[in-house]
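Asks: Below is the structure I would like to discuss, written out as structure tokens.
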Amino acid sequence: MLLEKRVPFLYLFKQIKYDLLFVFLMSVCTFSLKKLYGEQMPKIPVSLPAFLGTAISLLLSFKLSQSYDRWWEARKVWGAIVNDSRTMVLQLLNFSASDPKEDGLATKKTMSYRQIAWAYCLGQSLRNLDVISKAKEFISEADILYIEMQKNKPLALLNLQTKNLAELYTKGCINSFQEIQINNTLVELTNSMGKAERINNTVFPVTYRQILHLFIYIFLAIMSLALLEIDSLWEIPLDLVIALPFFMIEKTATYMQDPFMNKPTDTAITSIANTIETNIKQLWQDNDLPDPVDSKDAFYIL
Amino acid sequence: MLLEKRVPFLYLFKQIKYDLLFVFLMSVCTFSLKKLYGEQMPKIPVSLPAFLGTAISLLLSFKLSQSYDRWWEARKVWGAIVNDSRTMVLQLLNFSASDPKEDGLATKKTMSYRQIAWAYCLGQSLRNLDVISKAKEFISEADILYIEMQKNKPLALLNLQTKNLAELYTKGCINSFQEIQINNTLVELTNSMGKAERINNTVFPVTYRQILHLFIYIFLAIMSLALLEIDSLWEIPLDLVIALPFFMIEKTATYMQDPFMNKPTDTAITSIANTIETNIKQLWQDNDLPDPVDSKDAFYIL
Amino acid sequence: MLLEKRVPFLYLFKQIKYDLLFVFLMSVCTFSLKKLYGEQMPKIPVSLPAFLGTAISLLLSFKLSQSYDRWWEARKVWGAIVNDSRTMVLQLLNFSASDPKEDGLATKKTMSYRQIAWAYCLGQSLRNLDVISKAKEFISEADILYIEMQKNKPLALLNLQTKNLAELYTKGCINSFQEIQINNTLVELTNSMGKAERINNTVFPVTYRQILHLFIYIFLAIMSLALLEIDSLWEIPLDLVIALPFFMIEKTATYMQDPFMNKPTDTAITSIANTIETNIKQLWQDNDLPDPVDSKDAFYIL
Amino acid sequence: MLLEKRVPFLYLFKQIKYDLLFVFLMSVCTFSLKKLYGEQMPKIPVSLPAFLGTAISLLLSFKLSQSYDRWWEARKVWGAIVNDSRTMVLQLLNFSASDPKEDGLATKKTMSYRQIAWAYCLGQSLRNLDVISKAKEFISEADILYIEMQKNKPLALLNLQTKNLAELYTKGCINSFQEIQINNTLVELTNSMGKAERINNTVFPVTYRQILHLFIYIFLAIMSLALLEIDSLWEIPLDLVIALPFFMIEKTATYMQDPFMNKPTDTAITSIANTIETNIKQLWQDNDLPDPVDSKDAFYIL
Amino acid sequence: MLLEKRVPFLYLFKQIKYDLLFVFLMSVCTFSLKKLYGEQMPKIPVSLPAFLGTAISLLLSFKLSQSYDRWWEARKVWGAIVNDSRTMVLQLLNFSASDPKEDGLATKKTMSYRQIAWAYCLGQSLRNLDVISKAKEFISEADILYIEMQKNKPLALLNLQTKNLAELYTKGCINSFQEIQINNTLVELTNSMGKAERINNTVFPVTYRQILHLFIYIFLAIMSLALLEIDSLWEIPLDLVIALPFFMIEKTATYMQDPFMNKPTDTAITSIANTIETNIKQLWQDNDLPDPVDSKDAFYIL
């Protein structure tokens, strides 16, 4: 999850420490070789690793851009879930047939609270965490029994929503136009669920990532050979300082690719589900509102 | 807010003065070291910081591009709010059942003016400013009481809109097709509201920004070492002049990321709400039009 | 407006002549300083301005790309206006209730021709030109009186369209499905209008542009210092020749950002409205077709 | 049209031969000047043209990317035409009122075959080729007479489709829901047609292209001066070899911008229309299928 | 198909071995020439190939980005297929007319299972593999006979779906609103099918790819000439090590362009169809679930 204040810098530093160690050893190694066999070492002009570095920063920039797009897409999906949850409750609360046989208020409330359950359930399911415990608070025993038997629990909840919606129509609480209109909202929710699953399940092309990693090492190796020209111990910290941002950028890109994976760049799923709970409860005049998620603690202090 | 004429250049300059000061001190420092321990300083070829500078300008360009996209997306969201507000009023004004029991004109006018209130209310709520005072002019006492109890006030107003719309239908002023059609417009408005909130609440990945900042400093440090080659006091202004655009671009990018935050690149929310007010009032033949917002004064003279 | 054949090259050259003059004076100046105080001038390696030039061309490329996107978006909006105008007329011409009380042909024709007026009216309004004179040909006296009182004239025309559409329905010429279907087309037209206004009213971030301009000058100044190395009068034309494309690209980008502003890269609004007129008239078997717009003369020969 | 196997390389080479000839003459010229007035020629460091080359490859990459987007957009439009043609026939074949007065099968078949005609007609019209001859096979005499009088023939065909659709509804073959549903498909087809026309009629910004061309020449001129440093006849082939990919990339970008213009990167319109014909005929159990288009011969052997 | 764990690195290496061999021979060749005719060889400054390398990495980055977009678009299409399949089954399961004459459950189940068949069938058809054998398990004999006669088998299945849907309506199991709502889902499936076919059938511009390949060779040739400066056998491994990532990136880009072609970056079609099967069966309370696809074996061990 992204938070303005807390500094994930050290966290990131930890993730790349082995890469930096390797670069350190490589620099020490080339430096020692230079001292021993100075003459046989190739004299590589600095513009060679410089252009390789430019090439890599290009590839990294594009990768970072694609990772950012994935991350932003994930955020958009959850934004759409907020919007459609609100829309569904607004529609349930206010729609009624012009000559309603009954108001169906109980069913409408059940559906509204099940929507809260669905948001928590989907969030946990994307993170491979316990799916039911939080959702339990908002749904009936029968619902719990039903979804426990099903593999894809958020889909099972959507099935229950559609079933209740159909009942509202057949009982005459809403007219057929309104059934379709609310169904449209459910279709959007099904789509958002599928989109979140897609982003979660689709691995960023492996070869792409591996080549980039290889390329960074090739660059750093040639750089450390070229810096021999400087001919002083300064070479070793220079190598490290140049390597640092490249590894950090690569790591950041990798984290943003998986926006539901409990990483520092995670999408604030729980906090968003919390917002949905608050909005829906307030629309139903229910004042038992949840505390805002203090997600700061949950993540960066690992 | 973006205005053609007024110059936010100095404003921007102010924001980066500490960064520039730091660079100045760093240059003075390396220059003095050179004078004292000239021989021990590493001889860094200029092509080394040059390639780092290229790498940074790449990353900055991508970041600027992503910030611009966010800013433009925010602008699009408010554009959609204008469009849907107009559409809703056009529909309310003209739709009626083929055999209407009553014309519902009072309710329709209430809804139209509440739409003005909603636009002002959403704008203020995004900026964390006083949400109700401006909106009060356009809604009834009962409405004010209702939204004051609710956390998300724009959502509460949308609930009132949907409720009134349902009344228009159950009273026979509009037919069920028209109810759904206007509800579609309300769904779009709910979506736009959620999108604006999403852009407002989602922090741009922190690590991304921090690494970039670190990278700029690494680049400037190596640059100031490399420029020792020039071997004259010219080095110090050169360092500053090269640092200047990098910091400014980074600052501009950072400002564009938060398009609702009272920054010089802000979206002209108030001015857009003003347009909505003018359009809706004119459609209702109401000639009590507001003055155009003179937002120039509000922002750049801080 | 973009035309294949006519060459706007000289036009562009004119726009940047002061920038080039400034660069010329700067080169002459540094060249003279070199001749006078050769030794005290800093020896700047060419790779320094070279990397700045790369950085600028990056930023310019991104800006050009964003300008192009704006320009293409403007073109798409007008493309959508063509499509929806055609769609509306196809629907008006052919839709009728299964048991129509009257055919409403007169109203349908009024609406079709008013659509032509709307296209001309919107185009002129975006360009801040005389809005009514051309539109007058296609609408009634009453319409003209009504829109003259309204600030946003294209919106007023859309209101008249929606009103007429509602009449077609209440008079029984079309059924409620068809009313909503044509209303959907009107909603699209409202959206397109709002999008064109958004592009027209939203200034491209000023700081972004100013920084870029400043950056180009920093680059050219450092370049002209670095080229002293060449040590001959050749330096001055070289400076100019290198500056030329940078200024031209920046200018082109700036022009494409405002696609409705009577600039050489303008969107062909009038010509598109002319196409709409031809299409709609032909669908109504009206052979009084307009001449194709010879927009070539209107723009480039300034 | 893009084909995997056939090599358009030589075709491309032909298109740039004058550019290459010019570069050849320029190299010979600078080389000779060097031999004659060696001392007065400026000594340009290679890093100067190198950075210009980087700048140009940036601009070219962006241009190539925009051209690719246009080309892919054109391909998407034709993909949508395939999808909507299939959808329309699926809907026509299967929709009927719950209590149909007649089945309207003849009209439905007429509409399906007219859809084939529309696809061929639109393709030819985009390419400015004979519009009617191929379409004639699939429509009636009356249709042919009607569209011959109209300027925009594909639009005329869509008018006939909408008219027939309205008849199906007024005759009671389909219900009003189904009329609107099929009309939605027709609206999509109108949009796709308009989009293809937009891409076809909108010239890529001329100044953009001209500046790029100028920039390439400036680069090559400075490059050929800088390569004098090599001081051997090798300079001339080097110049040519470096110029070659730049010109080729620019040419490829230019071709992809106009995806309907009988160029090697053309969209396979005829072949797509052929697919539509096959699909629609098979759905109508008509086994008189067309041969697949052997478009290989039509294009590359010019 | 993309899998986190299995390493396709060697697979990729195999694909570029001839390119690397060629580079090896070229290096050996230039090195030998240097030894024999050292003086006549041109002295190419390293910044020349360095800038060419930057230019190529730019073009490669853009190409990689376009390939990634194609690959991600393909993934989105299959994501949409999952969503729409789920939506269709949710709608079939729960929709019924308010006063249904019969429940149509058999037809609804037939349609649901045919949807599974459709997903497998489309996947195989995109890969040009046996289309029917897997689909057979889920459809009736009559269906099999029908689709065997048709060229485009997934389209034939969609025709059967639309036909059954129409029957549900004419038999009074669902109302006309619900027919249209489910038809909307079928329209989306038709679109997704067409989009997958479009990506599959549209070759990435050939000239674009060929020029890039040529450009890489030009770059490597000039690089191997410039590296003669190093003047030691080190030149040959350096050449190879620099060439390696360029070829690998180009190959990766080429693979991602064809996301349905049994390549290591393939879209996991079979596994997605498997998910659809599981979801649909569970919604129908059918516990005969398929084993998860172990696609790891199918691809990388070639």
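Asks: May I ask for the net charge around residue E:280, where only other residues with Cβ less than 11 Å from the Cβ of residue E:280 are counted and Lys, Arg are +1 while Asp, Glu are -1?
Replies: With Lys, Arg at +1 and Asp, Glu at -1, the net is +2.
Asks: How big is the C-B contact in terms of buried accessible area, both chains counted, 1.4 Å probe, rounded to the nearest 100 Å²?
Replies: About 5500 Å² of accessible surface is lost on pairing.
Asks: Out of A:280, D:208, B:104, whose Cα points farthest toward the positive end of the dipole of the protein assembly as shown (charges: +1 Lys, Arg; -1 Asp, Glu; placed on Cβ)?
Replies: So the residue we want is D:208.
Asks: While we're here: In square angstrom, rounded to the nearest 10, how much accessible surface does residue C:148 have for a 1.4 Å probe?
Replies: 100 Å²
Asks: Treat every Asp and Glu Cβ in the protein assembly as shown as -1 and every Lys and Arg Cβ as +1, leave all other atoms uncharged, and give the resulting dipole magnitude about the Cα centre to the nearest 20 debye.
Replies: 1420 debye
Asks: Between region A:111-137 and region E:41-96, how many Å separate their Cα centres?
Replies: The distance from the Cα centre of region A:111-137 to that of region E:41-96 comes to 33 Å.
Asks: In whole percent, what relative contact order does chain E give with Cα contacts below 8 Å and a gap of six or more residues?
Replies: 38 percent
Asks: Something else about it: Taking chain D as a Gaussian network, where each spring joins two C-alpha atoms under 10 Å apart, which residue of D:68, D:169, D:18 fluctuates the most?
Replies: Evaluated over chain D, the most mobile residue of the options is D:18.
Asks: Pull up all non-local amide H partners of residue A:175: gap of 5 or more, or a different chain, and H-to-H distance under 5 Å with H placed in the peptide plane.
Replies: For residue A:175, whose amide H was placed from the backbone, the distant partners under 5 Å are A:97.
Asks: Roughly how many Å² is the accessible area per residue of the protein assembly as shown, as a whole number, for a 1.4 Å probe?
Replies: For the protein assembly as shown, the solvent-accessible area averages 35 Å² per residue.
Asks: How large is ³J(HN,Hα) for each residue in region A:98-114, as worked out from phi by the Karplus curve 6.51 cos²θ - 1.76 cosθ + 1.60 (θ = phi - 60°), to whole Hz, x for Gly and Pro?
Replies: 5, 10, x, 6, 8, 8, x, 4, 4, 4, 4, 5, 3, 5, 4, 6, 4
Asks: Something else: List for region A:77-125: residues with 40 Å² or greater reduction in accessible area, all protein chains versus chain alone, probe 1.4 Å?
Replies: The answer is A:83, A:86, A:87, A:90, A:94, A:95, A:98.
Asks: Now, a different point. Go through D:181, D:270, D:71 and say which Cα lies farthest out towards the positive end of the charge dipole of region D:9-283; charges sit on Cβ, +1 for Lys and Arg, -1 for Asp and Glu.
Replies: Farthest towards the positive end: D:270.
Asks: Using θ = phi - 60° and the Karplus curve 6.51 cos²θ - 1.76 cosθ + 1.60, what whole-Hz ³J(HN,Hα) does each residue of region B:76-81 get, with Gly and Pro shown as x?
Replies: Calculated HN-Hα couplings, in order: 5, 4, 6, x, 5, 5 Hz.
Asks: Here's another thing I want to ask about it. In debye to the nearest 20, how big a dipole does chain B give about its Cα centre with +1 on each Lys and Arg Cβ and -1 on each Asp and Glu Cβ?
Replies: 400 debye
Asks: Moving to a separate point now. Cβ neighbours within 10 Å, averaged per peptide: list A:196-207, B:92-103 in order, most packed at the top.
Replies: Per-residue Cβ counts within 10 Å, averaged per peptide and sorted highest first, yield A:196-207, B:92-103.
Asks: Still on this structure, I have one more. Can you work out ³J(HN,Hα) from phi for every residue in region A:155-160, in order, using Karplus 6.51 cos²θ - 1.76 cosθ + 1.60 and θ = phi - 60°, giving whole Hz and x for Gly and Pro?
Replies: Whole-Hz 3J(HN,Hα) from phi for region A:155-160: 5, 4, 5, 5, 4, 5.
Asks: I need the calculated FRET efficiency for the pair residue A:286 and residue A:14, taking r as the beta carbon distance and R₀ as 41 Å, to the nearest 0.05.
Replies: 0.40
Asks: Right, here's the next one. Which residue fluctuates the most in chain A, going by a Gaussian network model with Cα springs under 10 Å, if the choices are A:193, A:41, A:88?
Replies: Most flexible of the set in this elastic network: A:41.
Asks: Let me ask something else about it. Classify region C:215-257 as rounded, prolate or oblate, taking a ≥ b ≥ c as the square roots of the eigenvalues of its Cα gyration tensor: rounded when a/c is under 1.5, otherwise prolate if a/b is larger than b/c and oblate if not.
Replies: Judged from the Cα gyration tensor, region C:215-257 comes out oblate (a/c at least 1.5, b/c at or above a/b).
Asks: Report in % the part of the accessible area of region A:9-283 that belongs to carbon and sulfur, leaving out ligands and nucleic acids; probe 1.4 Å.
Replies: Working: 5120 of 8670 Å².
Carbon-and-sulfur percentage of accessible area, whole number: 59.
Asks: Grab the other residues whose beta carbon is less than 15 angstrom from that of residue C:151, score K and R as +1, D and E as -1, and report the net.
Replies: Value of the local net charge: -3.
Asks: Can you find, among A:12, C:244, C:32, the residue farthest towards the positive end of the dipole of the protein assembly as shown? Put +1 on the C-beta of Lys and Arg, -1 on that of Asp and Glu.
Replies: Working it through, the farthest residue towards the positive pole turns out to be C:32.
Asks: Let me ask something additional. Out of residues 5 or more away from residue E:261 or on other chains, whose amide H comes under 5 Å of its own, with H placed 1.01 Å from N in the peptide plane?
Replies: Close amide H contacts, sequence-distant or interchain: E:267.
Asks: Further question: Any idea what the dipole of region C:150-302 comes to, in debye rounded to 20, about its Cα centre with Lys/Arg Cβ at +1 and Asp/Glu Cβ at -1?
Replies: The dipole magnitude comes to about 740 debye.
Asks: Region E:9-283: D in µm²/s via Stokes-Einstein (Kirkwood Rh, Cα pairs, 20 °C, 1.002 mPa s)? Can you show the working numbers first?
Replies: On the way: Rh = 22.4 Å.
Rounded, D is 96 µm²/s.
Asks: Check cross-link reach from residue E:134 to the lysines: straight Cα distance under 24 Å, and skip same-chain residues fewer than eight apart.
Replies: A:151, E:76, E:108, E:109, E:151, E:153, E:163, E:195, E:263, E:281, E:296
Asks: I would also like to ask the following. Quick one: divide the alpha-carbon radius of gyration of region A:164-215 by 2.2 N^0.38 Å and tell me what you get.
Replies: 2.11
Asks: Shifting gears a bit: With N set to the number of residues, divide the alpha-carbon radius of gyration of the protein assembly as shown by 2.2 N^0.38 Å and report two decimals.
Replies: Normalised by 2.2 N^0.38 Å, the Cα Rg of the protein assembly as shown equals 0.94.
Asks: Next question, about the same structure. How high is the relative contact order of region C:17-142? Use alpha-carbon pairs under 8 Å, at least six apart in sequence, and give a whole percent.
Replies: For region C:17-142, the relative contact order is 14 percent.
The values are calculated or read from the model by the stated rules, or taken from the named source; none is laboratory data. Everything quoted here is computed from the prediction, not taken from an experiment. Cβ: placed from backbone, ideal geometry, glycine included. Neighbour counts: every protein chain shown. The accessibility values were calculated without ligands, DNA or RNA, using every heavy atom of the protein model including side chains. Shrake-Rupley method; radii C 1.70, N 1.55, O 1.52, S 1.80 Å.
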